[in-house]
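K.L.:
I am attaching a structure below and will ask some questions about it afterwards.
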Amino acid sequence: MNRFEKIISILKEREMTITFAESCTGGLLAKTFTDTPGVSSVFLGSVVTYANRIKSELIDVKEKTLERHGAVSRETAYEMVKGAKSVFGADVAVSVTGIAGPDGGSEEKPVGLVYIGISTPTSTNTYEFRADSTLGRTGIRDAVVSEVCRILEDTLENE
């Protein structure tokens, strides 16, 4: 059983639903997740919020947060995951925001820097992940999806 199947199995067993709010992964997390048979019983939907305006308008990320901390920040990932969970009415939500490259990075926020939010019925946490910038855009996005699944599986198993 792969990670996606394991996550879906846990969600089914607990009669829970899940949703995603993605930025730098551009829907890859939702695509990869929905490639797994049986997902329709737990997956409510997803939103790709690439532009800051869309983050604010669709999933309630505060403009003040974006101005103060930027789109690529722990604070934004937190508000994205809380907003997605609320808008979709899901039991579990995941958010991803970061810099997939090849440009857009800085010394403070380099290419490969990603923040992941995970919200369950009992907790909401954010995680910093640094993918190897030499992986390239596609490799970074793939690494992020893999890391999200690892964190999500661990979170659900320990709940």
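K.L.:
For helix 136-157, report the angle its Cα long axis makes with the longest principal axis of the Cα atoms of the chain; keep it between 0 and 90° and round to the nearest 10°.
P.N.:
Tilt of helix 136-157: around 40 degrees.
K.L.:
Counting each DSSP H run of 4 or more residues in the chain as -39500 (n - 2.57), what helix-only mean residue ellipticity at 222 nm follows after dividing by all residues, to the nearest 500 deg cm²/dmol?
P.N.:
Result for the chain, helices only: -13500 deg cm²/dmol.
K.L.:
A follow-up question, please. Show me the GluC sites (Glu not before Pro) within region 50-117 that DSSP assigns to loop and that have at most 11 other Cβ atoms within 10 Å of their Cβ.
P.N.:
107, 108
K.L.:
If the label point is 7 Å along Cα→Cβ of residue 86, which residues in region 33-60 have backbone nitrogen under 15 Å from it?
P.N.:
The answer is 55-60, whose backbone nitrogens lie closer than 15 Å to the label point.
K.L.:
Grab the eigenvalues of the alpha-carbon gyration tensor for the chain, scale each by 5, take roots, and send me the semi-axes largest first in whole angstrom.
P.N.:
For the chain, the ellipsoid semi-axes come out as 24, 18, 13 Å.
K.L.:
Let me ask you something else. Can you figure out the FRET efficiency of residue 41 with residue 125, using R₀ = 22 Å and their beta-carbon distance, to the nearest 0.05?
P.N.:
Given R0 = 22 Å and the Cβ-Cβ separation, E is 0.30.
K.L.:
How would you rank 78, 115, 127, going from fewest to most other Cβ atoms within 10 Å of each one's own Cβ?
P.N.:
127, 78, 115
K.L.:
With everything on Cα atoms, drop me the angle between helix 74-88 and the longest principal axis of the chain, reported from 0 to 90° to the nearest 10.
P.N.:
40 degrees
K.L.:
What does the charge add up to near residue 26, with Lys and Arg as +1, Asp and Glu as -1, over the other residues with Cβ less than 15 Å from its Cβ?
P.N.:
+2
K.L.:
Please identify, among 98, 83, 38, the residue showing maximal mean-square fluctuation in a Gaussian network model of the chain using a 10 angstrom Cα cutoff.
P.N.:
38
K.L.:
Sticking with this one: What whole-number distance in Å separates the alpha-carbon centres of region 1-61 and region 123-159?
P.N.:
13 Å
K.L.:
Next question, about the same structure. Here are some pairs, 12/109; 6/64; 62/109; which of them have Cα atoms lying more than 32 Å apart in this structure?
P.N.:
12/109; 6/64
K.L.:
If you don't mind, there's one more thing I want to ask. Quick one: compute the contact order of region 29-159, relative version, from alpha carbon pairs under 8 angstrom and 6+ residues apart, as a percent.
P.N.:
Computed over region 29-159, the figure is 17 percent.
Laboratory data are not the source of any read-out in this text; all were calculated from the coordinates shown. None of the values given here were measured: they were computed from a predicted structure. Neighbour counts run over all protein chains shown; Cβ positions are idealised from the backbone, glycine included.
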